[in-house]
1. Got a sec to turn the phi values of region 318-323 into Karplus ³J(HN,Hα) couplings, 6.51 cos²θ - 1.76 cosθ + 1.60 with θ = phi - 60°, whole Hz, x for Gly and Pro?
2. About the Cα centre of region 169-282, how large is the charge dipole given +1 on each Lys and Arg Cβ and -1 on each Asp and Glu Cβ? Please answer in debye to the nearest 20.
3. Could you work out the relative contact order of region 261-370, using alpha carbon pairs under 8 angstrom and six or more residues apart, expressed as a whole percent?
4. Report the extension gain between VAL226 and VAL243 in nm, rounded to one decimal, defined as 0.36 nm multiplied by the number of residues separating them, less their alpha carbon distance.
5. Would you mind telling me the share, in percent, of accessible area of the chain contributed by carbon and sulfur at probe 1.4 angstrom?
6. What's the extension gain from ARG285 to THR261 if we count 0.36 nm per residue and subtract their Cα-Cα distance?
7. Counting Lys +1, Arg +1, Asp -1, Glu -1, what net charge surrounds HIS33 among other residues with beta carbon under 10 Å of its beta carbon?
8. Taking the Cα centre of region 13-106 as origin and charging only Cβ (+1 Lys, Arg; -1 Asp, Glu), how large is the dipole, in debye to the nearest 20?
Amino acid sequence: MVWNSPMNDAHSPDDLITSFSAQFGREPMAVAHAHGRANLIGEHTDYNDGLVLPCVISNRTEVALAMRNDDLVCGISNQFSAGQKAVHDGLDGHWLDFVIGALHQLLPVGGTFQGLDIAVKSNIPAGAGVSSSAALEIALLRALVKAQQLPCPTDPQLAAMAQRIEHDFIGTQCGIMDQMVVAAATHGDCMMLDCRSLDYKLMSLPAGHAVAVVHSGSVRKLSDSVYNQRLAECAAAARTLGVDSLRDATKEMLGKFAEDTAMRRAKHVISENARVQAAVDCLVRNDPSGLGGLMDESHESLCDDYEVSSPELDRLVGSLRGAGALGARLTGAGFGGCVVALCEMASANTVVSRAVEMNPDSYLIDLIGN
Ligand code: GLA
């Protein structure tokens with residue numbers, strides 16, 4: 001099976017529908033989409049019940065599907081190989097695992113476990129720290145809800161189902177940040193999310209400023225064991241401190257650690273939660289320089305204490321700052337992928353071009369701003 005239209009052309013549902021029909025010889029029953037995300041600040045805090053401040057990017061994933069009368073799932077994608085498997089087949093790392101995971105999540109709300117034809121089109125780079133997985137999950141769930149005529153879940157319910165796809169079918173024990181922002185935010189805003197209560201507030205970015213999302217050119221693999229290892233280290237650190245999660249830890253408690261690595265992991269989470277709160281204050285009082293400084297501090301903490309940066313990310317962050325960004329940091333899980341940089345809107349393109357010149361593998365993904 002082949003994708004019938006070019007990979008990176010402008011997104012249009014008509015094009016997706018045409019490709020679906022050409023492939024499967026019928027019209028789709030449902031079409032849905034979801035955007036990727038970039039995190040402004042609040043990294044590796046979500047699975048510690050902490051605070052995050054992500055926003056959606058304009059890049060998005062579109063899904064068109066129609067249910068079948070047998071148990072086959074047949075899919076085409078502009079980014080990954082086409083495939084076919086039965087709904088009861090085991091997981092094999094193919095992207096159709098996400099589809100089967102989504103079917104499972106909808107069973108408790110009346111969904112049926114039957115086969116389907118599906119076409120997926122996306123311009124969110126995979127493995128770049130901009131939530132291509134969460135976007136696929138949310139778009140899939142939205143399309144399946146329509147196709148199976150199920151009651152419409154709330155955004156937090158959708159996010160929880162999408163997170164369970166990751167936990168139960170993909171093997172990443174991720175937090176809730178990506179799925180919540182992808183389900184509930186709109187482009188141009190950022191979302192202050194409390195990952196313990198799931199309370200959130202949409203906030204505007206500083207007027208006259210833009211967040212540049214720049215790919216370092218190096219790809220990370222989130223299900224690589226390091227992510228789950230950090231999660232386990234945080235749980236162990238919380239146990240050492242006698243708190244339910246590192247959200248409840250304070251910097252005064254750091255002296256209790258006998259071991260340096262555990263202390264530094266906890267220090268990152270405690271200081272990062274404080275930085276998110278300070279960043280929200282900067283947004284409220286329209287202080288872009290303050291926000292930029294906090295982004296820089298966040299990157300240093302992720303690099304030195306949490307140890308999830310990479311030479312490519314550090315170099316790109318340095319170039320963006322040198323070219324005039326107010327602040328820059330890695331975004332997402334780290335180990336490669338993207339960085340975010342806060343820039344004055346008027347000079348954002350120049351700042352990014354200079355940094356890209358110094359880092360030839362890097363490229364601009366999105367400029368978010370008003
Ligand atoms: C990935 C996970 C999120 C979050 C970030 C790090 O994107 O999916 O839940 O933990 O890493 O902040």
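The values are calculated or read from the model by the stated rules, or taken from the named source; none is laboratory data. Note that the structure is a prediction, hence the values are computed from the model and not measured. Using ideal geometry, Cβ is built from the backbone for each residue, glycine included, and neighbour counts are taken over all protein chains shown. Quick note on the areas: whole protein, heavy atoms, side chains included, nothing else; ligands and nucleic acids left out. Shrake-Rupley method; radii C 1.70, N 1.55, O 1.52, S 1.80 Å.
1. Karplus values, whole Hz, x for Gly and Pro: x, 5, 5, 5, x, 7.
2. With Lys and Arg at +1 and Asp and Glu at -1, about 240 debye.
3. 21 percent
4. 3.8 nm
5. Result for the chain: 51 percent of the exposed heavy-atom area is carbon or sulfur.
6. 5.0 nm
7. Summing Lys and Arg as +1 and Asp and Glu as -1 gives +2.
8. Around 160 debye, computed over region 13-106.
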